[in-house]
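Step one of this worksheet: look at the structure below.
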Amino acid sequence: MGREQNYKKKTFKNESHEKKIVNKKIIFFNMIYLMVLFVVCFIGGILLGFLTTSYTSEINIIQNEDNVFQFLLKNEKIIIGGKLNIKFRVDNKTMLSYVFNSESVKYFYYPVGQNSNCLLYNGGLEEKSANQEPLKYKRYEISQDYKNEVQPMYNDCKRFHKIYFSVKLDQLYMSNELRKIYNDKSYEFVFYCNCYMDDKVHAYFNAKPVYKNVILKNLRNNPKLLN
């Protein structure tokens, strides 16, 4: 009788121990399942945020004294051009990182006219950039055929010692590793170049100013002219 009771106690203890082991395994696998579910939801939430968050940015041009434009007489030829150091500040309004791109970059000359506070029109020099790098050098050899349309630039340089240009950014898009978002906005930023001229060029620029929508047309930009 005593042996039978001891056997029943051992059997009960073994069954109880096995149930505890099974319960621990169930709890362990439930914890693993919940952890995996949490990680999946966490990653899914991040991806959803990337895909649904609107990208907003504030873009400004940084004015600096490094932009220089010159009128020179070199080897009996009139050379005009400058060195541009165009820099932008892009303020990201989101916590996400992205790259700002423009598929169309154009440059314009703004004639100042008689008053340095008055920009006459948005016209003049227009040139598309073939890549995303800012244009650094503009240098042209000026013949008699282009004398009249360059005269306004000479007048501004002589009177104000500055020439105003603008850079226009179109076909914008922002991209990161997950998506590419096009922006229907366009931006145009006015900046100035400090202007210097050779005293020998004054005798050449005595023509009547002619204002054209596009100036220096068909002239090749040659950065080596002012080397």
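Here, each number is a calculation from the coordinates, and none is a lab measurement. From a predicted model like this one, the values you see are computed outputs, not experimental measurements. Don't worry about glycine lacking a Cβ; one is built from the backbone with ideal geometry, like all the others, and counts go over all protein chains shown.
With 30 Å as the limit, the listed pairs Lys74/Lys158; Lys180/Lys212; Lys93/Lys217; Lys106/Lys224; Lys93/Lys212; Lys87/Lys224 have Lys180/Lys212; Lys93/Lys217; Lys93/Lys212 beyond it between alpha carbons. Cβ-Cβ distance of Phe28 and Tyr182, R₀ of 45 Å, FRET efficiency by 1/(1 + (r/R0)^6): the value works out to about 0.35. Taking label positions 7 Å along the Cα-Cβ direction at both His161 and Val99, the computed distance is 4.2 nm, reported to one decimal. Would you compute the Debye intensity of the stretch 170-227 from its alpha-carbon atoms alone, equal scatterers and no solvent, and pass along log10 I(q)/I(0) at q = 0.13, 0.16, 0.20, 0.28 Å⁻¹ to two decimals? Relative scattering, expressed as log10 I(q)/I(0), comes to -0.74, -0.93, -1.13, -1.21. Extension gain, Lys83 to Cys41, is 9.8 nm, computed as 0.36 nm per intervening residue step minus the present C-alpha separation. Rounded to the nearest 0.05, the FRET efficiency derived from the C-beta distance between Ala207 and Asn75 at R0 = 22 Å is 0.55.
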